[in-house]
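A short write-up of the structure that comes next.
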Amino acid sequence: MINININMDTVVVQKSEIDTTDIDGEKAMINLEKGQYFVINGIGSRIWDIISEPCYIKEIVSDLMKEYHVERKTCEQNILEFIGRLNNAELISIK
């Protein structure tokens with residue numbers, strides 16, 4: 001996989017071929033082409049909802065800062081790490 005620089009100005013979106021189901025606040029995602037299954041919960045589920053449409057990572061940070069009591073630096077670091085994991089799992093597209 002190509003190493004992509006992910007930062008606050010990166011645009012991300014869910015890959016259209018990922019089938020997602022909401023189960024009691026958790027997101028269960030299946031990549032049928034690869035036969036992979038993923039589950040995310042909590043704030044990860046909220047981020048997944050936000051990236052149903054293309055958006056900048058800085059917009060995700062802004063949305064979550066309004067919803068949760070967290071320091072901006074911590075929020076940014078956690079989101080960048082989570083987006084990196086989604087990218088490594090090939091669940092998102094980076095624009």
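Nothing in this text is a laboratory measurement; each read-out follows from the coordinates by a stated rule. This is a predicted model, so every value here is computed, not measured. Neighbour counts are summed over all protein chains in view; Cβ atoms, including those assigned to glycine, are modelled from backbone coordinates with ideal geometry.
Can you work out the FRET efficiency for the pair Asp9 and Ala89, with r the C-beta to C-beta distance and R0 = 22 Å, to the nearest 0.05?
Working: r = 22 Å, r/R0 = 1.00.
Efficiency, rounded to the nearest 0.05: 0.50.
With a point put 7 Å past each Cα toward its Cβ, work out how far Ala28 is from Ser16 in nm, to one decimal.
That separation, rounded to one decimal, is 2.6 nm.
Could you estimate the translational diffusion coefficient of the chain from the Stokes-Einstein equation, with Rh from the Kirkwood formula over C-alpha pairs, at 25 °C and 0.890 mPa s, in whole µm²/s?
Working: Rh = 13.6 Å.
Result for D is 181 µm²/s.
Which loop GluC sites (Glu not before Pro) in the range 23-64, with loop taken from DSSP, have no more than 11 other Cβ atoms within 10 angstrom of their Cβ?
Values: sites: Glu26, Glu33, Glu59; in loops: Glu33.
Listed in order of number, the matching sites are Glu33.
Relative contact order (percent) for the range 11-94, with alpha-carbon contacts under 8 angstrom and 6 or more residues of separation? Intermediate values should be presented prior to the final figure.
Details: 94 pairs, mean separation 29.2, N = 84.
RCO, the range 11-94: 35 percent.
If the chain between Glu53 and His69 were fully stretched, how many nm would it gain, using 0.36 nm times the residue separation less the Cα-Cα distance? Write down the numbers at each step before the final one.
Working: separation 16, 0.36 × 16 = 5.76 nm, distance 2.45 nm.
Full extension of this stretch gives 3.3 nm more.
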